[in-house]
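Everything on this sheet refers to the single structure shown next.
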Amino acid sequence: MKTAVVVMSKHHGNTRKLVDAIAREHEITVIDAGANSSTDLSGYDCIGFASGIAYGKFYKQIGDIIENDLPSGKKVFFLYTCARNDKDFAAHEREQAQKKGCKVLGVYGCSGFNTYSVLKLIGGINKGHPDESELRGAVDFFAALPIGEGGK
Ligand SMILES: Cc1cc2nc3c(=O)[nH]c(=O)nc-3n(C[C@H](O)[C@H](O)[C@H](O)COP(=O)(O)O)c2cc1C
């Protein structure tokens, strides 16, 4: 079983930290969203999508990859960091994947350092996040996914 995680983490690299923490302990291929005009995901059994949240959704580049490059029938999961972790910010992307007949294994979200707009004036919010326990949470989340034999 081969697993890839497609990541876009352009605000402060917050979400990338989750992916890097997982990659330190598990065999995954990390793919930077936006590096190529199309992303070949056909060779992976399970695909994670990792993103910061902007205006209530995953970054547009991630949504575009789900729309254009995610083959049907794959196992998928979602990781995100956000300013206020008080709802499921992967709802839209989960629906996109389900429409393609993909099986959603799980969603992990946590807070991330945020200096968007006027927040910059006060030094931002969620400084130091994701912290160690949030990174551990992401690794544990991944480890518990029912990816299948040899997938991790
Ligand atoms: C343009 C912009 C829009 C954002 N919109 C939201 C939002 O709607 N909800 C939220 O909780 N956080 C929002 N945030 C905060 C980011 O999701 C948060 O800082 C995240 O950790 C950034 O992840 P990254 O460093 O991986 O890109 C926004 C940040 C930016 C820069």
Quick one: how many Å² of Ile65 are accessible to a 1.4 Å probe, rounded to 10? 10
C-alpha long axis of helix 14-25 to longest principal axis of the chain, angle in °: 50
Solvent exposure of the chain as accessible area per residue, Å², 1.4 Å probe: 50
Take the alpha carbon atoms of region 85-152, find their center, do the same for region 1-48, and report the distance between the two centers in whole angstrom. 13
What share of the DSSP beta bridges in the chain is antiparallel, in percent to the nearest 5? 10
Relative contact order in percent for region 3-144 (Cα pairs under 8 Å, 6+ apart) equals 25
Which of the three applies to region 1-60, rounded, prolate or oblate, going by the alpha-carbon gyration tensor with a ≥ b ≥ c and a/c under 1.5 meaning rounded? oblate
For Lys75, counting only aspartates and glutamates whose alpha-carbon sits under 13 Å away and dropping same-chain residues fewer than eight positions off, the answer is Asp45
With each run of n ≥ 4 DSSP H residues scored as -39500 (n - 2.57), what mean residue ellipticity at 222 nm is computed for the chain after dividing by its residue count and rounding to the nearest 500 deg cm²/dmol? -9000 deg cm²/dmol
For the chain, what class follows from the C-alpha gyration tensor (a ≥ b ≥ c being the square roots of its eigenvalues): rounded when a/c is under 1.5, otherwise prolate if a/b is larger than b/c, else oblate? prolate
Please go through the residue pairs Lys17/Lys57; Lys87/Lys127; Lys10/Lys60; Lys2/Lys87; Lys57/Lys103; Lys10/Lys103 and name each one whose alpha carbons sit more than 23 Å apart in this structure. Lys2/Lys87; Lys10/Lys103
I'd like the carbon and sulfur percentage of the solvent accessible area for region 75-152, probe radius 1.4 Å, heavy atoms only, ligands and nucleic acids excluded. 53
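The values are calculated or read from the model by the stated rules, or taken from the named source; none is laboratory data. Quick caveat, the model's predicted, so the values are computed rather than measured. Just so you know, the surface numbers come from the protein's heavy atoms only, side chains and all, with ligands and any DNA or RNA stripped out. Shrake-Rupley method; radii C 1.70, N 1.55, O 1.52, S 1.80 Å.
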